[in-house]
Structures are given as structure tokens and as C-alpha cells.
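Report on one structure; see the data block that follows.
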Amino acid sequence: MEKKQSGSLGKLAEDFVAQRLAEEGCKILKRNYRTRLGEIDIVAQKDGWILFVEVKARKAGSMVSPLEAVTRSKQKKLLLAAGQYLAENPAPWQPRFDVAAVYMQAGRIVKMEYLENAFTA
């Protein structure tokens, strides 16, 4: 799981984050929004913000933090995909780019870090 999140573990992490966001009052607008420019794991809305959330999962104790996996290149792809999403779905809310770092052990989630406004355009 060091590179791209494998199917079921990545989905488990995304499901967990989406559930936590919903519990905190976010409205989930879209999951796994895909364009030729990139993919956004979760698009949500809360309190005047439209949230573009990147979920990264890693094994607990991994050499590379899930937060470090959101490189400048990945950020650029997220920005382009978010622009496409907003072109297709105009919204009055201020965009924000968040990153959820999910740590897993033996196929279970053991910890999550959530970084609001992780990067800007």
C-alpha cells in the first residue's frame, strides 16, 4: 500500500473519512469525481465552503507519511480537477483543499489525521 491505495483498503479509508465528515455536519456532494485531469476522492460542503478532500492511506509506521504523498504534482491535478468540477457544478461556496491521512494496520484503521486547507491554489 506504499503507492496507490489498493482497492478495498483505499475504499475503506475513503468510506471512513466520508462518514466522519458527514458526522461533523458536511454534506457529501460527490465521491470519486474523475476527469481526464485527475480525481477527487470526496467533494463535500459545509459552512460556506466546498471541500475537495484527498484521502491517503498508509500502513502504520510507513516510511512516508500519507500527508507527504500529496506532492506538488498531485496538488496541481487536484486543482485542475476541482476547476473542472466547479465548471460543471457552479457553487457559491469558497473552495478549500483538505487532506485526510488514514493509518491502517492489519486491514483496520488505527488513526486519522485531517488537515484543513492543506494547500491553496
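The values are calculated or read from the model by the stated rules, or taken from the named source; none is laboratory data. Computed from a predicted structure; not experimentally measured. Quick reminder, even Gly has a Cβ in these numbers, built from the backbone with ideal geometry, and neighbours come from all protein chains shown.
At-a-glance table
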quantity: Selection count, the stretch 89-107, where residues are assigned to a loop (DSSP other than H, G, I, E, B) and either polar (S, T, N, Q) or within 12 Å of the chain's Cα centre (by Cα) (or both); calculated: 1
quantity: Qualifying residue in the stretch 5-27 (condition: closer than 17 Å to Pro66 by Cβ and assigned to a strand (DSSP E or B)); calculated: no
quantity: Complete set of residues in the stretch 1-33 that are over 15 Å from Asp98 (Cβ atoms), modelled with pLDDT of 95 or more and over 13 Å from the mean Cα position of the chain (by Cα); calculated: Glu23
quantity: Which listed residue is within 11 Å of the chain's Cα centre (by Cα), within 19 Å of Thr120 (Cβ to Cβ) and either in a strand (DSSP E or B) or modelled with pLDDT of 95 or more (or both), from Leu78, Leu86; calculated: Leu78
quantity: Candidate set: the stretch 53-83, residues that are of a type in the set (S, T, N, Q) and either under 16 Å from Asn117 (Cβ atoms) or free of Cβ contacts under 8 Å to residues at least 40 places away in the same chain (or both); chosen: the one surrounded by the most Cβ atoms within 10 Å (Cβ to Cβ); calculated: Gln75
quantity: Pick from the stretch 43-52, criterion free of Cβ contacts under 8 Å to residues at least 40 places away in the same chain and not in a loop (DSSP other than H, G, I, E, B), ranking: nearest to Ile109 (Cα to Cα); calculated: Ala44
quantity: Residue selected from the stretch 89-110 under the condition modelled with pLDDT of 95 or more and of a type in the set (A, V, I, L, M), by the criterion nearest to Ser8 (Cα to Cα); calculated: Ala100
quantity: Residue check for Lys59: within 15 Å of Gly107 (Cα to Cα) and either at pLDDT below 95 or polar (S, T, N, Q) (or both); calculated: yes
quantity: Check on Tyr103, in contact with an Asp or Glu (Cβ under 9 Å, 6 or more places away or on another chain) and either of a type in the set (Ser, Thr, Tyr) or exposed (fewer than 13 other Cβ atoms within 10 Å of the Cβ) (or both); calculated: yes
quantity: Any hit, the stretch 34-50, residues being touching a Cys at 6+ places or on another chain (Cβ under 8 Å) and either of a type in the set (Lys, Arg) or within 19 Å of Gly10 (Cβ to Cβ) (or both); calculated: yes
